[in-house]
Amino acid sequence: MPKPVTLTELHPHRVTTLRHRAQMVRDAQPPVSLDLELCYTSLDPFAVRIGLRAEDACVHWSLSRETLLLGLRRHEGIGDVAAWPVHQPGGPGWLRIRLGPLRGCAVFQTERDVISDWLDVTLRLVPQETEGDYLPWDTFLASLLDHN
């Protein structure tokens, strides 16, 4: 017997994806090259999804867009996620991102300017402080109130 299929109609929404390279940073070890994918959608306007891939392994993580925006200028984040700029004289500026608890975390970096340019695109799609306008709160609350 075939499995039931549920079809869901998706309304048009705003989305941007960045595919780039990153490096996993390790103490006293050469960096490990990674494929990086960042995805942003107005369906989840406060979050950025990160995908990291190296050969046979991959991991996906969600973090706040605000953490990345602030991390371009200063150390931002507590807990399992942090982002901060790293400046190199005569070289590219980096954005470092730590994912996971302090013990056993992964730290990776990618060019700060590339991330900054991509975040500018996300801000054109959904400007800061308008994120809540993209969430269907009124519909959700009305549905809850109709059931009481």
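Structure summary
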{"item": "P(r) tail fraction, the chain - alpha-carbon pairs more than 22 Å apart, %", "result": "49"}
{"item": "Of all accessible heavy-atom area on the stretch 60-148, the percent that carbon and sulfur account for (1.4 Å)", "result": "56"}
{"item": "Tensor-based shape of the stretch 25-92 (alpha-carbon gyration tensor, a/c under 1.5 rounded, otherwise prolate or oblate)", "result": "oblate"}
{"item": "Prolate/oblate/rounded label for the stretch 70-148 (Cα gyration tensor, a/c 1.5)", "result": "oblate"}
{"item": "Computed helical MRE - 222 nm, the chain, DSSP H runs ≥ 4 contributing -39500 (n - 2.57), nearest 500", "result": "-6000 deg cm²/dmol"}
{"item": "Long-range HN-HN contacts of L43 with modeled amide H, under 5 Å", "result": "R14"}
{"item": "Average Cα contact separation per residue, the chain, under 8 Å, 6 or more apart, as relative contact order %", "result": "18"}
{"item": "Selection from F108, A83, A142, by position along the positive dipole direction of the chain (Cβ)", "result": "F108"}
{"item": "Phi-based couplings in Hz for the stretch 127-139 (Karplus 6.51, -1.76, 1.60; Gly and Pro marked x)", "result": "x, 4, 6, 10, 3, x, 5, 8, 9, x, 4, 4, 5"}
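The values are calculated or read from the model by the stated rules, or taken from the named source; none is laboratory data. Note that the structure is a prediction, hence the values are computed from the model and not measured. FYI the Cβ positions are ideal-geometry reconstructions off the backbone, even for glycines, and counts take in every protein chain you see. We work out accessible area using only protein heavy atoms, side chains counted, and drop any ligands, DNA or RNA first. Shrake-Rupley method; radii C 1.70, N 1.55, O 1.52, S 1.80 Å.
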